[in-house]
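Structure record follows, encoded as structure tokens.
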């Protein structure tokens, strides 16, 4: 496994149903430049509307996103966890 040298900003959010979403606001999604990359246990990488997700999905607590964070680090991410991210 190759670990990323640069830090990747990640914002973890939790859906009402309990699923946790990792948003990468500084990483643009390949197919739709207006979206950022995201990651979930099920479905894995996808595009997401960062602003919309922040508005409708509540922040995840460290204990809630711990498993997803471990999974991401296990595939090589060097994460910089933030509560929010200013895209400007």
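Sort out which residues of the range 60-74 are loosely packed, with under 15 Cβ neighbours inside 10 Å and in contact with a helix residue (DSSP H, G or I) (Cβ under 9 Å, 6 or more places away or on another chain), and write them in order of number.
62
How about the chain: which strands (runs of 3 or more DSSP E) wholly inside it have at least 3 residues that are at pLDDT 90 or above?
Per the criteria, 8-14, 20-28, 36-40, 79-82.
The values are calculated or read from the model by the stated rules, or taken from the named source; none is laboratory data. Predicted model only: the values in this text are computed from it and were never measured. Cβ coordinates were reconstructed from backbone atoms using ideal geometry, including for glycine residues, and neighbour counts include every protein chain displayed.
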